[in-house]
1. Let me confirm something: among GLY232, GLY178, GLY173, which residue is within 19 Å of ALA110 (Cβ to Cβ), out of contact with any strand residue (DSSP E or B) (no Cβ under 7 Å at 6 or more places or on another chain) and not aliphatic (A, V, I, L, M)?
2. Output the residue which, of all residues in the range 142-194 that are of a type in the set (Ser, Thr, Tyr) and open to solvent by less than 30 Å² (accessible area, probe 1.4 Å), is farthest from PRO119 (Cα to Cα).
3. Out of (1) more than 30 Å from LEU225 (Cβ to Cβ); (2) modelled with pLDDT under 95, the odd one out for ASN66 is which?
4. Out of everything in the range 30-42 that is in a loop (DSSP other than H, G, I, E, B) and open to solvent by 30 Å² or more (accessible area, probe 1.4 Å), what residue ends up being nearest to VAL7 (Cα to Cα)?
5. From the residues in the range 233-246 that are open to solvent by less than 40 Å² (accessible area, probe 1.4 Å) and not hydrophobic (A, V, I, L, M, F, W, C), which one is nearest to the chain's Cα centre (by Cα)?
6. Scan (1) open to solvent by 20 Å² or more (accessible area, probe 1.4 Å); (2) farther than 20 Å from TYR142 by Cα for the single condition ALA222 breaks and write down its number.
Amino acid sequence: MTNDLSVCQDIFNRDPVLYLDMTEAVRRGIGTVLHASPTAALVGIPSPDCPEAFDSYLMSCAGMDNARLLCGLLPGGGDSLVAAHEDFYLPLLQERFGLRFFLEGASIQAAYLGDGPCPIPESPLTLRQLTVDDLPQVADNYKMEGEDYLRSLLERGQLVGGFLDDAMIGFAGRHAEGSIGLLEIFPPYRRRGFASVLEGHMINLELSLGHIPFGQVLTDNAPSLALQRSLGMTLSEGTLYWLSRT
């Protein structure tokens, strides 16, 4: 097994931002390369609780023969997520593994490729790293993930909360595979620029760690796409799709 994706460069050169989740996961030491060739790549993201198991798989390939090859490397059971970077083999994933869309529709990848830090507007917010003690409030306001996943992120210090005085107004964080996300501003505090502050902070935190900041946005989420552009994020030309069994 090798952790070298260089043989896949012809694939990634087609749309470098689209494949940043794969290349960054491996570069940061988060992802394990399960297959790499000039026409196909599969990266597994280990479970923090069980490094021998994978919580999610990131895949890209050209042609159905390669898609079948990669599908043969996916587990037959379990609740792992799959990120497909092309749409032509979605029916194969759905038929063979009973997968369905975890997120309804296609996502665009966004990346901060600027030379310097992301400019953050002045704000009255105080930011602090959230802990497991904050799980009830986080889980009550973020319904796209289960409590076990959110707990694992909080235990590893992956979420940052914004506060006005002592009141949490929202949060943002880093997903297990390295993408910026989990951005949630509570309803009473929206349209006040707080989303820019929280995501801008996450971008600069990633830069300070030597990472290329990236995240994903559904193609029909116009407000979030506008936010990414306002922060100087570059958007991929292509799209990817998240699928799961549950």
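The values are calculated or read from the model by the stated rules, or taken from the named source; none is laboratory data. From a predicted model like this one, the values you see are computed outputs, not experimental measurements. Here the Cβ positions follow ideal geometry from the backbone for every residue, glycine too, while neighbour counts run over all protein chains shown. For accessibility, only protein heavy atoms count, side chains too; no ligands or nucleic acids. Shrake-Rupley method; radii C 1.70, N 1.55, O 1.52, S 1.80 Å.
1. Sole residue among the options that is within 19 Å of ALA110 (Cβ to Cβ), out of contact with any strand residue (DSSP E or B) (no Cβ under 7 Å at 6 or more places or on another chain) and not aliphatic (A, V, I, L, M): GLY178.
2. Top of the filtered list is SER152.
3. Every condition holds for ASN66 apart from (2).
4. My answer is PRO38.
5. Among residues in the range 233-246 that are open to solvent by less than 40 Å² (accessible area, probe 1.4 Å) and not hydrophobic (A, V, I, L, M, F, W, C), the one nearest to the chain's Cα centre (by Cα) is TYR241.
6. That leaves (2) as the condition not met.
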